[in-house]
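Before any comments, here is the structure.
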Amino acid sequence: MPEPARILQGEGFLLRPWRSDDLESLLRHANDADVSRGLRDRFPYPYTREDGEAFLGGRVLAPGTLNLAIEIDGQACGSVGAQQGVAERGHTAELGYWLGQAHWGRGLMTGVVGLFAPWVMDELGLFRLQATVVDFNLGSARVLEKNGFQEEGVERCAVYKRGVLHDLRRFARVRTALP
């Protein structure tokens, strides 16, 4: 998978590769039960120093995942990434993102996805960028809808997290031709 060609500048944030000196900021924003509750279990709570070191060392995400830090005021406060499919699904990628709770409710993630989605679709030659959202995460669903993702359906009883069964809502942004 190609390395990001440049730093992406957004309104009030940068998207850039993760660096080893992001560890303290990563720990400060990731060690939050509310941040982790809507994410896959590979994003644990509590989020320990060992978890952060494993992530920054490339030992958490699947090989080939394009993942960028969301930098706000000089600090890595979240992440956005895409994992491309293989073989006949190589034209599709799964979008994922999170943001430290201190930055919620300001429209930043809408801006992040708005900048990242078209860029990563061009960078990876994608026809489809998809994401799933746990049923209670209405804010994340709104972020996707505001950025041209359409809801395609619900995967019923798809996630069992912290003792509760949840549905997953599936969203996708598609195009039928490459630029």
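The values are calculated or read from the model by the stated rules, or taken from the named source; none is laboratory data. Because the structure is predicted, anything quoted here is derived from the model rather than measured. Note: ideal-geometry Cβ built from the backbone for every residue, glycine included; neighbour counts use all protein chains shown. All accessible areas refer to the heavy atoms of the entire protein, side chains included, with ligands and DNA or RNA removed. Shrake-Rupley method; radii C 1.70, N 1.55, O 1.52, S 1.80 Å.
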Any hit, the range 33-40, residues being at pLDDT 95 or above, in a helix (DSSP H, G or I) and surrounded by fewer than 11 Cβ atoms within 10 Å (Cβ to Cβ): yes
Boolean, residue 173 is on the phi < 0 side of the Ramachandran plot, assigned to a strand (DSSP E or B) and either of a type in the set (D, E, K, R) or modelled with pLDDT under 95 (or both): yes
Options 85, 81: the member that is within 24 Å of residue 178 (Cβ to Cβ), within 14 Å of the chain's Cα centre (by Cα) and among the small types (Gly, Ala, Ser): 81
Scan of the range 145-179 for residues that are touching a residue at least 40 places away in the same chain (Cβ under 8 Å) and within 16 Å of the chain's Cα centre (by Cα), ordered by number: 170, 171, 172, 173
Among (1) closer than 17 Å to residue 36 by Cα; (2) without any contact (Cβ under 8 Å) to a residue 24 or more places away in the chain - the single one residue 80 does not satisfy: (2)
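Name the one entry in 27, 23, 95 that is crowded, with 17+ Cβ neighbours inside 10 Å and in contact (Cβ under 8 Å) with a residue 24 or more places away in the chain.
After applying the criteria, what remains is 95.
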Options 88, 155: the member that is modelled with pLDDT of 95 or more and open to solvent by 70 Å² or more (accessible area, probe 1.4 Å): 88
Failed condition for residue 138, given (1) of a type in the set (A, V, I, L, M); (2) within 22 Å of residue 107 (Cβ to Cβ); (3) touching a strand residue (DSSP E or B) at 6+ places or on another chain (Cβ under 7 Å): (3)
Residue ID - farthest from residue 15 (Cα to Cα), chosen from residues in the range 54-76 that are buried (at least 20 other Cβ atoms within 10 Å of the Cβ) and of a type in the set (A, V, I, L, M): 66
